[in-house]
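**Q** Below is the structure I would like to discuss, written out as structure tokens.
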Amino acid sequence: MAIKLSVFTQSHYSFEGMRPEEEVDIFLYSHWLIPVMKFIYYALLTALPLVPLLFFAREIVEYEIISLVFFVLIAYYMLLWSIMFYEFMIYLLDTWIVTNERILDINQISFFIRTTAELDLSRVQDISVRTSGFIQTIFDFGDVEIQSAGAVNKFLFRQVAHPQMIKDKIMKLVIEAKKSAPQGTTQGAEV
Amino acid sequence: MTILIIAFIVIGLLFWLHGFFILYHFIRFGVGTRPKQAALVFFIGSLALFFLLLVALIGVMLEVPSVLKMIDITNEAPTLWQ
């Protein structure tokens, strides 16, 4: 039982297409403030039907339609629950992975629509950090932009926590990868 | 009454179809522990909500005379809109 439940606590950062010798060094979601803001929005929507409910409470009791109102309310909450977790799913599956060999940008657009772009570390030319606005500065999050040597589009880590630290870590990995990679064997690809 | 049962079936089917897609994506594409934990929370919450909807439907069935009285606009009895 303990072994089966460990999938919720000890699952390794393995992903589809992971190479046997590959190790995940950085695994990123957008900053936690993004889903928290959405959660506040859904909490407000949860409280919204309580206003007319309190307003018409006397009539609901008088006409003995408590169960009917309860039925409609639960149906509304089921809709909210589904939409909220759909958005949370998009958030959790929209990730960036930096391994000791490459950078992966996994973009979950909607159900069954998903793009994965990858870039070899040895192809990285330049990394820049962009933090704009009061909120991003206070909570220390922003965009990390990675420019490659080839025709592959720029890689953008959107609204990630501690962008400067991530930039430094990636730069270290890039230096190591360039040292170990033989000249002329590196490549960038988009899937 | 039939309308409510049809509504229950339609809501239940759509809810679980959507729920299946969400769980499938969490389990199939999730990397690390967080998507698995989210899938578990979502599944437990979905079961609870569906159970509550079922309880509400049974409640409405027991309250049928009141509901019919309310929706029957030809009835002499006072309704919510009168």
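**Q** Restrict the check to segment A:93-108 and report whether at least one residue is under 30 Å from A:Ser148 (Cβ atoms), out of contact with any Leu (no Cβ under 6 Å at 6 or more places or on another chain) and among the hydroxyl-bearing types (Ser, Thr, Tyr).
**A** Yes, there is a match, as at least one residue in segment A:93-108 is under 30 Å from A:Ser148 (Cβ atoms), out of contact with any Leu (no Cβ under 6 Å at 6 or more places or on another chain) and among the hydroxyl-bearing types (Ser, Thr, Tyr).
**Q** Quickly run through segment A:27-69 and pick out the residues that are assigned to a helix (DSSP H, G or I), aromatic (Phe, Trp, Tyr) and within 21 Å of B:Phe42 (Cα to Cα).
**A** Hits for segment A:27-69 are A:Phe39, A:Tyr41, A:Tyr42.
**Q** Considering only segment A:69-92, I want to know if a residue exists there that is surrounded by fewer than 13 Cβ atoms within 10 Å (Cβ to Cβ), out of contact with any Phe, Trp or Tyr (no Cβ under 8 Å at 6 or more places or on another chain) and of a type outside the set (Asp, Glu).
**A** no
**Q** Name the residue that is nearest to the chain's Cα centre (by Cα), counting only residues in segment B:20-29 that are more than 7 Å from every other protein chain (Cβ to nearest Cβ) and in contact (Cβ under 8 Å) with a residue 12 or more places away in the chain.
**A** The selected residue is B:Leu23.
**Q** Out of everything in segment A:124-145 that is exposed (fewer than 12 other Cβ atoms within 10 Å of the Cβ) and among the polar types (S, T, N, Q), what residue ends up being nearest to A:Met171 (Cα to Cα)?
**A** A:Gln125
**Q** Given the criteria hydroxyl-bearing (Ser, Thr, Tyr) and closer than 30 Å to A:Arg19 by Cα, does A:Ser110 qualify?
**A** yes
**Q** Could you tell me whether segment B:30-52 includes any residue that is outside any loop (DSSP other than H, G, I, E, B), more than 8 Å from chain A (Cβ to nearest Cβ), surrounded by fewer than 18 Cβ atoms within 10 Å (Cβ to Cβ) and not hydrophobic (A, V, I, L, M, F, W, C)?
**A** Taking every residue of segment B:30-52 in turn, none turns out to be outside any loop (DSSP other than H, G, I, E, B), more than 8 Å from chain A (Cβ to nearest Cβ), surrounded by fewer than 18 Cβ atoms within 10 Å (Cβ to Cβ) and not hydrophobic (A, V, I, L, M, F, W, C).
**Q** Need a quick list: strands (runs of 3 or more DSSP E) entirely within segment A:77-169 having at least 1 residues that are within 12 Å of chain B (Cβ to nearest Cβ).
**A** Once the strands (runs of 3 or more DSSP E) in segment A:77-169 are filtered for at least 1 residues that are within 12 Å of chain B (Cβ to nearest Cβ), what remains is A:95-99, A:102-110, A:113-120.
Bear in mind that the values in this text are calculations on the coordinates, not laboratory data. Values in this document were obtained by computation on a predicted structure and should not be read as measured data. With ideal geometry, Cβ positions are generated from the backbone for all residues, glycine too; neighbour counts draw on all protein chains shown.
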